[in-house]
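The structure under discussion appears below in the form of structure tokens.
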Amino acid sequence: IEAGEPMVGRVEELAFLRSAYDAVVFEGRPRLVLVSGDAGVGKTRLIADFVREQSSRALELRGRCLSYGDGITFWPLVEIVRSAAEIAEDDTPDQARARITDLLPDDDPDRERIVDRLVSAIGLSTRDFPVTEIFWGARRLLESRAATRPLVVVVDDIHDAEATFLDLLTHLVESPSPHPILLLCSARPEVSTAHPEWWEATGRTRIE
């Protein structure tokens, strides 16, 4: 299928994503949608079509879960933060920190605390923070991005996610702060056995 051509047989699924996005915008609250299916059935294309359709209305950030390697727990967050801050491969840690800082409002009293936790999470600092504080920093960053424009955060290959990262997604959805954030995740069916409780929790917002 050429890019831009309608995807045959996915009308209902695309309508579901549109409805979820509209609800996020109307309610101003985060929501997670999981697109599940075997490799090659069109998950990536469905998400790409939806994101392209909403490109004039929403800001997109994207990350991918890895199946192996060191420091993979927060790898999707690494990609999301680097993309949001437009951090280049040859940026120094100080330059990267400055770019992340620029994403947050100047008058935010927690600005430096948020940045401290984010640079630690993405490997730009040797400081350690409790996981709950990393969650808080990630949430505050995404909320700042969604303050002026709805945000679609795509996370690919959730079947490879660490349990801690799934806890982060749950934390984002259960945020007490009203912000229009759609978390759009893709996964192969094995996520149902790898993380059964999380899988069951997505029942009402899952496309199979």
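The values are calculated or read from the model by the stated rules, or taken from the named source; none is laboratory data. Given the structure is predicted, the values throughout are model-derived calculations rather than measurements. With ideal geometry, Cβ positions are generated from the backbone for all residues, glycine too; neighbour counts draw on all protein chains shown. Keep in mind that these areas ignore ligands, DNA and RNA; they rest on the heavy atoms of the full protein, side chains included. Shrake-Rupley method; radii C 1.70, N 1.55, O 1.52, S 1.80 Å.
Data table
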| read-out | value |
| --- | --- |
| Tabulated pairs, the range 169-180, first modelled with pLDDT of 90 or more, second of a type in the set (A, V, I, L, M, F, W, C) and open to solvent by 50 Å² or more (accessible area, probe 1.4 Å), C-beta under 7 angstrom, 6+ apart or interchain | H179/A147; P180/V25 |
| Residues within the range 182-202 that are open to solvent by 10 Å² or more (accessible area, probe 1.4 Å) and either closer than 14 Å to E162 by Cβ or among the basic types (K, R) (or both), tallied | 4 |
| Within the range 98-111, tally of residues that are within 18 Å of I87 (Cβ to Cβ) and free of Cβ contacts under 8 Å to residues at least 12 places away in the same chain | 2 |
| The range 70-89 residues that are over 17 Å from H159 (Cβ atoms), paired with ones that are open to solvent by 30 Å² or more (accessible area, probe 1.4 Å) (beta carbon under 6 Å, 6 or more apart) | A85/R99; I87/R99 |
| Hits in the range 33-50 - residues which are in contact with a strand residue (DSSP E or B) (Cβ under 6 Å, 6 or more places away or on another chain) and either open to solvent by 20 Å² or more (accessible area, probe 1.4 Å) or without any contact (Cβ under 8 Å) to a residue 24 or more places away in the chain (or both) | K43 |
| L184, sole failed condition from (1) farther than 15 Å from T202 by Cβ; (2) out of contact with any Lys or Arg (no Cβ under 7 Å at 6 or more places or on another chain); (3) at pLDDT 95 or above | (1) |
| 1 or more residues touching a His at 6+ places or on another chain (Cβ under 7 Å) and open to solvent by 10 Å² or more (accessible area, probe 1.4 Å): qualifying helices (runs of 4 or more DSSP H) within the range 51-166 | 131-146 |
| Matching residues, the range 65-88, being touching a helix residue (DSSP H, G or I) at 6+ places or on another chain (Cβ under 9 Å) and among the acidic types (D, E) | E86 |
